[in-house]
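Trainee: Here it is, the structure, as structure tokens.
The values are calculated or read from the model by the stated rules, or taken from the named source; none is laboratory data. Predicted, not measured: the structure shown is a model, and the values here were computed from it. So basically every Cβ, Gly included, is an ideal-geometry build from the backbone, and we count neighbours across all protein chains shown.
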């Protein structure tokens, strides 16, 4: 983790106080797993987090249908937060 922190400090990456990221795609394509892994990685850096998983009621809805969309939203912040965020700053569609 120290190497990652040093590399980030040397680069010209702008810091933001908070960010809402949503991962969305067909149910069964790993949206929940991707969101959970991203959340875990963000937690390693000491960020405060709030998540909102969204998945269809069907076990496996037909691919390409609106009923089969699965999403995972995570609100990441360097200070205390209490909601998963209203609208995403970043949408990752798979």
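Trainee: Under 6 Å by Cβ, and 6 or more places apart or on different chains, what pairs join a residue from region 1-19 that is under 19 Å from residue 76 (Cβ atoms) with one that is at pLDDT 75 or above and assigned to a loop (DSSP other than H, G, I, E, B)?
Mentor: If the second residue must be at pLDDT 75 or above and assigned to a loop (DSSP other than H, G, I, E, B), the pairs left are 17/78; 19/89.
Trainee: Same structure, new question: Filter region 11-42 down to the residues that are in a strand (DSSP E or B) and within 8 Å of the chain's Cα centre (by Cα), then identify the one that is surrounded by the fewest Cβ atoms within 10 Å (Cβ to Cβ).
Mentor: 21
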